[in-house]
1. Can you tell me the orientation of helix 316-327 relative to the chain, as the angle in degrees between its alpha-carbon axis and the longest Cα principal axis, to the nearest 10?
2. Using Cα atoms only, what is the angle between the long axis of helix 283-299 and the major principal axis of the chain, expressed in degrees (0 to 90) to the nearest 10?
3. Among 280-289, 71-80, 115-124, how do they line up by average Cβ neighbours within 10 Å per residue, starting with the highest?
4. Calculate how large, on average over all directions, the projected area of the Cα convex hull of the chain is; give the answer in nm² to one decimal.
5. Express the accessible area of the chain per residue in Å², computed with a 1.4 Å probe while the remaining protein chains stay in the model.
6. Any chance you could give the angle, 0 to 90 degrees and rounded to 10, that helix 121-130 forms with the longest Cα principal axis of the chain?
7. Could you check the simple spin-label distance between ILE314 and LEU42, using points 7 Å along Cα→Cβ, in nm with one decimal?
8. Order the following by accessible area, largest value first: TRP154, TRP277. Probe radius 1.4 Å; ligands, DNA and RNA are ignored.
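The values are calculated or read from the model by the stated rules, or taken from the named source; none is laboratory data. Source: prediction; values computed, not measured. Counting neighbours? That spans all protein chains shown, and the Cβs are built from the backbone with ideal geometry, glycine included. Areas reflect the complete protein model, heavy atoms only, side chains present, ligands, DNA and RNA absent. Shrake-Rupley method; radii C 1.70, N 1.55, O 1.52, S 1.80 Å.
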Amino acid sequence: METALLTTQDAQYAGELLKAGEVVAFPTETVYGLGADATNDLAVKKVFVAKNRPADNPLIMTVADVEQLASFVTISESARQLMAAFWPGSLTIIMPIKPGQVSMLVTGGLQTVAFRLPANETARAIIRAAGVPIVGPSANTSGKPSPTTAQHVWHDMQGRIAAIVDDGPTEVGVESTVIDMSTDTPTILRPGAVTQQQLEAVLQQPVFDATSTESVANHVTPKAPGMKYRHYAPDKNVLMFDPLDALALKSALAAEDVVMAQDETLATLNLPLTRTWSLGATLDSATEQLFAGLRYYDESPDVGTIYVEKMPPIGLGKAYNNRLAKAAGNQEFTL
Ligand code: TXA
Ligand code: MG
């Protein structure tokens, strides 16, 4: 299959391809997604094949407005509050399905389904043109870091899908926050740009973070089926490090090792430019650059271990550290 490269001007055509049962990669503000008509089982199957995704990992459904999801799920008062506060935006909300309304292929057999309404205008224009909710997993091969540019998508999906809509690098750089609103206690299943504090401020009740170190230490099993798989992981060895250990790291580095860190840390390390990937000066820029750097070094032939700086675990830092820990298989550089 020839994969067409489209621009943001081609939203109408991309929508027509989706309506015709084709798979189209589309931009969102978090990462690129792999779209297909969520009401067409054949189209949804193509997404599992293109990603090589396990069939028991449910897909999220992406919509252009709240009306588009009303027939599929029961929306509680608190879920409605979240939609009003954070949509369009980087929040995916899990709700109970109205019986028989969503294909087993999308839900993986669960009684719930996840919905997302992205901030990216082109994404919404494409979904409006398609006229149906589209499934929207990240547009990477299963297990690889999510794509933050159309080139990343091309690398993983060329020849496997009908088209890719290029809208430049994504803003956030990590996938949306996933919150389960189908149980009594709202529960974060995946940290993202919308934080626990922001969610609690809107809901006026405690929100449980199932991904926090305490929850993991207490053996709370991951409820997002996708979180149990090896994820976001390059083939190369990845180690996280604390910026306070930068000097010790410098003396431990082998000639072929590379470092991804913020400019201040890179200044301390004083390494050749080819061996460093700048995460900029802010937490936002670090999060935006994380997957791009991992993908770049994973593709570079002469690279040994990839060392990546950890961020303070506050706000978006929780999402950043969560993805980094997965890429590193929890391995840390120690003195
Ligand atoms: O930012 C994002 O959310 C991106 C962009 C493209 O929209 N999409 C994305 O989708 O990250 P995906 O499929 O790669 O990740 C969705 C996660 C998976 O871990 C999946 O297991 C979980 O959400 N999930 C989906 N439906 C669920 C459900 N009903 N119950 C629990 N977890 C669910
Ligand atoms: Mg994914």
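1. So the helix axis and the longest Cα principal axis differ by about 80 degrees.
2. Once rounded, the angle reads 80 degrees.
3. For the peptides 280-289, 71-80, 115-124, the packing ranking is 115-124, 280-289, 71-80.
4. Approximately 16.4 nm², given one-decimal rounding.
5. Per residue, the chain has an accessible area of 43 Å².
6. Taking the Cα atoms of the chain, the angle to 121-130 is about 30 degrees.
7. Placing both labels 7 Å beyond Cα along the Cβ direction yields 5.4 nm.
8. TRP154, TRP277
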